[in-house]
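Since the structure comes first, as structure tokens, the remarks are kept for the end.
The values are calculated or read from the model by the stated rules, or taken from the named source; none is laboratory data. Remember, it's a predicted structure, so these values are computed and weren't measured experimentally. Glycine also receives a Cβ, built like all others from the backbone with ideal geometry; neighbour counts cover every protein chain displayed. Ligands, DNA and RNA are excluded from the accessible area calculation, which covers all protein heavy atoms including side chains. Shrake-Rupley method; radii C 1.70, N 1.55, O 1.52, S 1.80 Å.
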Number of protein chains: 2
Amino acid sequence: MTPTRLSTKEDYKTLLDKYDTWMFDCDGVLWNGDRLVDGAVKVLEILRTHKKSVLFVTNNATKARPSYKKKFDKLGVEAHVDEIFGSAYAAAVYISSVMKLPKDKKVYVVGMEGVEQELAAEGISYIGGTDPADQTLNSFSLSSFTRDPAVSVVLCGLDTAINYTKLAKAFQYLQDPSVTFLVTNDDSTYPSEGGLLPGAGAVSAPLKTASGREPLSIGKPASTMLDCIKAKHDFDPKRTIMVGDRLNTDILFGQNGGLSTLLVLTGESIQTRARITHVEDIEGPNASSIIPEYVTNSIGDLRVLA
Amino acid sequence: MTPTRLSTKEDYKTLLDKYDTWMFDCDGVLWNGDRLVDGAVKVLEILRTHKKSVLFVTNNATKARPSYKKKFDKLGVEAHVDEIFGSAYAAAVYISSVMKLPKDKKVYVVGMEGVEQELAAEGISYIGGTDPADQTLNSFSLSSFTRDPAVSVVLCGLDTAINYTKLAKAFQYLQDPSVTFLVTNDDSTYPSEGGLLPGAGAVSAPLKTASGREPLSIGKPASTMLDCIKAKHDFDPKRTIMVGDRLNTDILFGQNGGLSTLLVLTGESIQTRARITHVEDIEGPNASSIIPEYVTNSIGDLRVLA
């Protein structure tokens, strides 16, 4: 299947009429690092003027939604907290609404403040995380470890304060097969100013290796994230489009959820400013198996609808 | 193939005559934690009396050989530093003798003092490891990172002070495909008093995940360890026997190297004192695909030769 390349005003008008709910990946679509994508703000305004639902879907789990909203504010992009879906939030909603974790049970967190804040907002008890007792490079001994029998979930996300004590404790819980193993997302790396850094998928890798278990991943491309959005918003998948710059997360996420998909080619490596996805990735002999329904150069192209 | 079960004095006498070099795994064979296996000291004495070469082959990479020897001393087991082969030492020998790393090149170490000491003993320059600059839980920024152009090897072993800064730095080097990626060993866990803890294979997992690279593993069951022993000792594989308690490390190591193999059933989980390997693992319908040449209950069984 070849994606439909959009270029004329009529193409974009047809798209606008066809979809009521627009889900956006943020980094690489609306901005790259701290640089806005040209026209992105205008296009979001146009969608809102046409009474479209606008949702932001990110795998970033280091920030809770109110903190993540500050990024929008800083760049002058209108966004409301209830329009933002991060994988920490989705994990918390999954634990409270899908798992229905009893109130006397707890989550052991390998992760940062964002995960803790989202768990707290859903009324879920947790230990670990940023607890000073777990912020240590001292050697870990099982003789000084007391297992908390209330822990029935291990949730791991990106944690830049990862250390052996956290990993060893989480591993003790994971040796009990009745303890659920969740990861906010499985991205092996993430782009930062200056290059790639190890992502949530790398931080959780020691737990997978030691326990021999495969976690349930919440973020894109998993459908768990979409289940979480469904729990909070009414939308018709047939009239919903996912806009993203990455085939194996954003576009696959849309396809897994039965949504239409729009690939934009604005995603850049922060380090080299090289494009994340090229036309050759979706057309020709070396094309990916993940092909979007539509493709356009930039979300800014929809400005012609103003 | 069914292993030969040894039980009579004649069985053990035949074995003694057949092999000149005896390689021993330590934990589970000579001792369990701090408890000597009954008769092990006596059997080593008998082997030495018969002018056999005795070598100790361990994946433990946290200690250099002189430190590891202290364990033998403490338990009253005769051993000489040049008889001990740990995976940190084998990694250092591999880098100096097989890779022949030029003197102006360096190793970036994710690991502990044992790795550093073995590298230093082989005259190999290194950075990272226990450097206080890398012992931090502070957030890591690429803007404050200066790549050392001399680094051409990343060596990762068990590191109980593992943290994001170390992982992020190692990952920067590993993105250059000309940098060699080594791990001392790939054990996913290791037994400690009170239970299992994440092993070297778990500690290196974030680097594998982030880089998408498979490291060369030095320790058992890899043949690199045997290459290292060969570089230091003359032995005829046909007259050499590897004695161990684990099929997928010790016995496979022996088989990979064309050695004869003797399985002992003394390996215990420190936590539960449950046996590591059972007769059912090598005989009957659920047997492993890794079958030793010989099996005996305990190395102590060879005492009858006194």
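In region B:274-292, which residue that is over 21 Å from the mean Cα position of the chain (by Cα), part of a loop (DSSP other than H, G, I, E, B) and touching a residue at least 12 places away in the same chain (Cβ under 8 Å) is surrounded by the most Cβ atoms within 10 Å (Cβ to Cβ)? Even if it seems obvious, please write down each step before you answer.
Taking region B:274-292 first, the residues over 21 Å from the mean Cα position of the chain (by Cα) are B:274, B:278-289.
Imposing the further condition that a residue be part of a loop (DSSP other than H, G, I, E, B) reduces the set to B:274, B:278, B:282-289.
Now narrow it down to the ones that are touching a residue at least 12 places away in the same chain (Cβ under 8 Å): B:278, B:282-283, B:288.
Details: B:His278: 11, B:Ile282: 21, B:Glu283: 15, B:Ser288: 15.
Going through the qualifying residues, I end up with B:Ile282.
Would you tally the residues in region B:73-101 being of a type in the set (A, V, I, L, M, F, W, C), within 29 Å of B:Gly33 (Cβ to Cβ) and open to solvent by less than 20 Å² (accessible area, probe 1.4 Å)?
Residues of region B:73-101 of a type in the set (A, V, I, L, M, F, W, C): B:75, B:77, B:79, B:81, B:84-85, B:88, B:90-93, B:95, B:98-99, B:101.
Filter again for within 29 Å of B:Gly33 (Cβ to Cβ), leaving B:75, B:77, B:79, B:81, B:84-85, B:88, B:90-93.
Okay, now just the ones that are also open to solvent by less than 20 Å² (accessible area, probe 1.4 Å), so B:77, B:79, B:84-85, B:88, B:90-93.
Here the count works out to 9.
Of the conditions (1) under 18 Å from B:Val109 (Cβ atoms); (2) under 16 Å from the mean Cα position of the chain (by Cα); (3) not basic (Lys, Arg), B:Pro206 fails just one. Which one is it?
Among (1) under 18 Å from B:Val109 (Cβ atoms); (2) under 16 Å from the mean Cα position of the chain (by Cα); (3) not basic (Lys, Arg), B:Pro206 violates only (2).
Checking A:Ile218 against (1) in contact (Cβ under 8 Å) with a residue 60 or more places away in the chain; (2) of a type in the set (A, V, I, L, M, F, W, C); (3) within 13 Å of chain B (Cβ to nearest Cβ), only one condition comes out false. Which one?
(3)
Among the residues of region B:102-112 satisfying the criterion of being touching a residue at least 40 places away in the same chain (Cβ under 8 Å) and either farther than 25 Å from B:Ala205 by Cβ or within 16 Å of the chain's Cα centre (by Cα) (or both), which is most open to solvent (accessible area, probe 1.4 Å)? Even if it seems obvious, please write down each step before you answer.
To start, the set of residues in region B:102-112 that are touching a residue at least 40 places away in the same chain (Cβ under 8 Å) comprises B:104-112.
Filter again for either farther than 25 Å from B:Ala205 by Cβ or within 16 Å of the chain's Cα centre (by Cα) (or both), leaving B:104-105, B:111-112.
Details: B:Asp104: 111, B:Lys105: 68, B:Gly111: 1, B:Met112: 49 Å².
Of everything passing the filter in region B:102-112, B:Asp104 is most open to solvent (accessible area, probe 1.4 Å).
Out of all the residues in region B:293-306, which are of a type in the set (Gly, Ala, Ser) and surrounded by 19 or more Cβ atoms within 10 Å (Cβ to Cβ)? Don't jump to the end; show me each part of the working.
Keep residues of region B:293-306 that are of a type in the set (Gly, Ala, Ser), which gives B:298, B:300, B:306.
The answer is B:Gly300, and nothing else.
Can you find, within region B:129-165, the residue that is most open to solvent (accessible area, probe 1.4 Å) among those that are more than 14 Å from chain A (Cβ to nearest Cβ) and over 19 Å from B:Thr209 (Cα atoms)? Step through it out loud before you land on a result.
So the first thing to find is which residues in region B:129-165 are more than 14 Å from chain A (Cβ to nearest Cβ), and the list is B:148-153, B:155.
Right, trim to over 19 Å from B:Thr209 (Cα atoms) and you get B:148-152.
Values: B:Asp148: 31, B:Pro149: 112, B:Ala150: 18, B:Val151: 8, B:Ser152: 24 Å².
Among residues in region B:129-165 that are more than 14 Å from chain A (Cβ to nearest Cβ) and over 19 Å from B:Thr209 (Cα atoms), the one most open to solvent (accessible area, probe 1.4 Å) is B:Pro149.
Could you list, in sequence order, all residues of region B:177-209 that are within 8 Å of chain A (Cβ to nearest Cβ), open to solvent by 10 Å² or more (accessible area, probe 1.4 Å) and touching a strand residue (DSSP E or B) at 6+ places or on another chain (Cβ under 7 Å)? Step through it out loud before you land on a result.
As a first pass, look at region B:177-209 and keep what is within 8 Å of chain A (Cβ to nearest Cβ): B:188-189, B:192-199, B:201-203, B:205-209.
Filter again for open to solvent by 10 Å² or more (accessible area, probe 1.4 Å), leaving B:188-189, B:192-194, B:196, B:208-209.
Across region B:177-209, the qualifying residues are B:Thr189, B:Leu196.
Output the residues belonging to region B:240-254 that are of a type in the set (S, T, N, Q) and open to solvent by 10 Å² or more (accessible area, probe 1.4 Å).
Initial filter on region B:240-254 (of a type in the set (S, T, N, Q)): B:240, B:248-249.
If the condition is that a residue be of a type in the set (S, T, N, Q) and open to solvent by 10 Å² or more (accessible area, probe 1.4 Å), then B:Asn248, B:Thr249 are the ones that fit.
How about region A:227-256: which of its residues are of a type in the set (A, V, I, L, M) and within 11 Å of A:Tyr94 (Cβ to Cβ)?
Applying the first criterion (of a type in the set (A, V, I, L, M)) to region A:227-256 yields A:229, A:231, A:241-243, A:247, A:251-252.
Matches in region A:227-256: A:Ala231 only.
Consider only pairs whose beta carbons are under 7 Å apart and that are at least six residues apart or on different chains; among these, list those whose first residue lies in region B:255-266 and is open to solvent by less than 20 Å² (accessible area, probe 1.4 Å) and whose second residue is hydrophobic (A, V, I, L, M, F, W, C) and in a loop (DSSP other than H, G, I, E, B).
B:Leu263/B:Ile282; B:Val264/B:Val29
Would you mind stating whether B:Lys70 is under 19 Å from B:Tyr190 (Cβ atoms), without any contact (Cβ under 8 Å) to a residue 60 or more places away in the chain, more than 14 Å from the chain's Cα centre (by Cα) and open to solvent by 70 Å² or more (accessible area, probe 1.4 Å)? Spell out the reasoning first.
Numbers: under 19 Å from B:Tyr190 (Cβ atoms): yes; without any contact (Cβ under 8 Å) to a residue 60 or more places away in the chain: yes; more than 14 Å from the chain's Cα centre (by Cα): yes; open to solvent by 70 Å² or more (accessible area, probe 1.4 Å): yes.
So B:Lys70 passes the test.
On the basis of being open to solvent by 10 Å² or more (accessible area, probe 1.4 Å), at pLDDT 95 or above and under 27 Å from B:Lys69 (Cα atoms), does B:Glu118 make the cut? Walk me through how you get there before you give the answer.
On the way: open to solvent by 10 Å² or more (accessible area, probe 1.4 Å): no; at pLDDT 95 or above: yes; under 27 Å from B:Lys69 (Cα atoms): yes.
When the stated conditions are applied, B:Glu118 does not pass them.
Test of understanding: among B:Gly219, B:Gly257, B:Gly199, which residue is farther than 23 Å from A:Ala168 by Cα and either modelled with pLDDT under 95 or in contact with a helix residue (DSSP H, G or I) (Cβ under 8 Å, 6 or more places away or on another chain) (or both)?
Numbers: B:Gly219 fails: farther than 23 Å from A:Ala168 by Cα; B:Gly199 fails: farther than 23 Å from A:Ala168 by Cα.
Answer to the check: B:Gly257.
Quick one: B:Tyr12 ticks every box in (1) open to solvent by less than 10 Å² (accessible area, probe 1.4 Å); (2) among the hydroxyl-bearing types (Ser, Thr, Tyr); (3) part of a loop (DSSP other than H, G, I, E, B) except a single one, so which number is it?
(3)
Is at least one residue of region A:38-58 small (Gly, Ala, Ser), in a loop (DSSP other than H, G, I, E, B) and on the phi > 0 side of the Ramachandran plot? Reasoning before the result, please.
Filtering region A:38-58 down to residues small (Gly, Ala, Ser) leaves A:39-40, A:53.
If we keep only those that are in a loop (DSSP other than H, G, I, E, B) too, we end up with A:39.
Narrowing further to those that are on the phi > 0 side of the Ramachandran plot: A:39.
Yes, region A:38-58 has at least one match.
Restricting to region B:24-63, count the residues that are over 20 Å from B:Phe235 (Cβ atoms), free of Cβ contacts under 8 Å to residues at least 40 places away in the same chain and open to solvent by less than 10 Å² (accessible area, probe 1.4 Å).
0
When region A:224-239 is examined, which residues are found to be exposed (fewer than 15 other Cβ atoms within 10 Å of the Cβ) and part of a loop (DSSP other than H, G, I, E, B)?
Residues satisfying the conditions are A:Asp234, A:Asp236.
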